[in-house]
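So the structure is just underneath, and the comments pick up after that.
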Amino acid sequence: WVAPPPTISRASLGTTPNGYEGFGRPVLSRAMWFADSDFSIFMTENSIGTQGWMHTYKFPVLASNGRIPLKATLAWTDPPSTPGAANILVNDLDLLLQQQNRRLVLDVNTGVSSVRTVFEIDRGNDPMRRGVADHASTTEDVLLPTHDVTNVTVAVIATRLSSVPAYAEQKYSLVVTGLLKPRYFAWGGAVRSRMLELVDDYNGPVGLFNWFDVFSKGFLIASDLDLRFQQVGPSNLAFSQIVEMYEEADDDGDREIEFEEFELLLAELQSGAQRPLEPEFAFNPANLEFLGVEDDEVLDEVSAALRRTCLQPSDSCGLWATLLLASAATMATACRGAAGL
């Protein structure tokens, strides 16, 4: 920090740290991604133009013990608002992160505990997990310090969009960092080390590809990989891993590893990059099913509402009960507002 010349007046910022200074220098190795970073990064720019709908990005992730957290950040530029407007944001987007885990769950009806698949929800800018959405910020993030090997789904929800056509389509940026499953995960460890040795032994990608191509077909299949790795190691490779390696390298899914795909694989192994698998993208209405609310839970909510409404059962009340209990999906949609969406 360099003091300004005496002729320049400066206002005191008060004690530090504050909103302007005092937090030290940024650690670029944690704030930016490099080819040798020990975490993966996914970045995308997109736009959403249908209110009440959401974009979802589903990632497989590796287990984290806290050293490398999983973080998702959403940012967008909101259109100009009207002075004195009741809503701070013109276009209100919300960030949600859903992780799928196996947990020991107690059934309060039977008193028996069993392992079940559960969905745990984290909202943007809600570190205390109060279940409260942020309707005032144009930047939201979710931080998971630890997590199991699982699938996580990051959702960008168009909670409210402008009725003005020029502003109804909202662009946004999304960044996800952490132990996202790498694109060539099965090729890591001892396999990567062996491949780097082999590419030198066979004078580059062309020579190594031709060596793997046992019958000179012009492409590789799983049996080619299996045969060659049996010859040169690693010796402990199971065929199931060979198949996984083959599927990862077959980028276009045509069940053949062409030279271009093989060259891309080698470039990735040589750089040491941890580029993640492309997430599964979907565009759907925001609903309770995504939030992990099971039909039984919805039925319980509706049953409680019926008990409050139908204190004195009647034919009309019975008809309403029949109609409501006929479709859990309809009830989930009707209760979506109760979930804060």
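The values are calculated or read from the model by the stated rules, or taken from the named source; none is laboratory data. Because the structure is a prediction, the values reported are computed rather than measured. Neighbour counts run over all protein chains shown; Cβ positions are idealised from the backbone, glycine included. Only protein heavy atoms, including side chains, enter the accessible area calculation; ligands, DNA and RNA are left aside. Shrake-Rupley method; radii C 1.70, N 1.55, O 1.52, S 1.80 Å.
Assorted remarks:
- Förster radius 22 Å - calculated FRET efficiency between Thr139 and Ala31, Cβ distance, rounded to 0.05: 0.90
- Annotation for Phe283 and Asn151: the two label points, set 7 Å from Cα along the Cα-Cβ direction, are 2.1 nm apart.
- Area of His147 that stays accessible when all protein chains are in place (1.4 Å probe, Å², to 10): 10 Å²
- Unit charges on C-beta of K, R, D, E only; dipole of segment 74-149, Debye: 360 debye
- At full extension, Thr44 and Phe215 could sit 57.4 nm farther apart than now, given 0.36 nm per residue minus the alpha carbon distance.
- Cleavage-rule hits, trypsin sites (Lys or Arg not before Pro), segment 169-251, DSSP coil, Cβ neighbours within 10 Å at most 16: Lys217
- In order along segment 197-202, phi translates into HN-Hα couplings of 5, 5, 5, 6, 4, 9 Hz, rounded to whole numbers, per the Karplus curve 6.51 cos²θ - 1.76 cosθ + 1.60 with θ = phi - 60° and x for Gly and Pro.
- Remark: segment 61-72, residue by residue, has Karplus-estimated 3J(HN,Hα) of 10, 8, 5, 10, 9, x, 5, 10, x, 9, 9, 10 Hz, where x stands for each Gly or Pro and the curve is 6.51 cos²θ - 1.76 cosθ + 1.60 at θ = phi - 60°.
- Length gained on full extension, Ser81 to Arg129: 14.3 nm, using 0.36 nm per residue less the C-alpha separation.
- Whole-number accessible area per residue in Å² for segment 51-195, which is evaluated in the context of all protein chains at 1.4 Å: 49 Å²
- Between Leu104 and Val118, full extension at 0.36 nm per residue minus the direct alpha carbon distance yields a gain of 4.1 nm.
- Taking the Cα centre of segment 154-237 as reference, the dipole from Cβ charges on Lys and Arg (+1) and Asp and Glu (-1) amounts to some 440 debye.
- Proximal aspartates and glutamates to Lys58, defined as alpha-carbon separation beneath 12 angstrom and excluding residues fewer than eight positions away on the same chain: Glu278, Glu280
- Size-normalised alpha-carbon gyration radius of segment 151-213, reference 2.2 N^0.38 Å: 2.13
- Note on segment 93-205: with neighbouring protein chains present and a 1.4 Å probe, carbon and sulfur make up 53 percent of its accessible heavy-atom surface.
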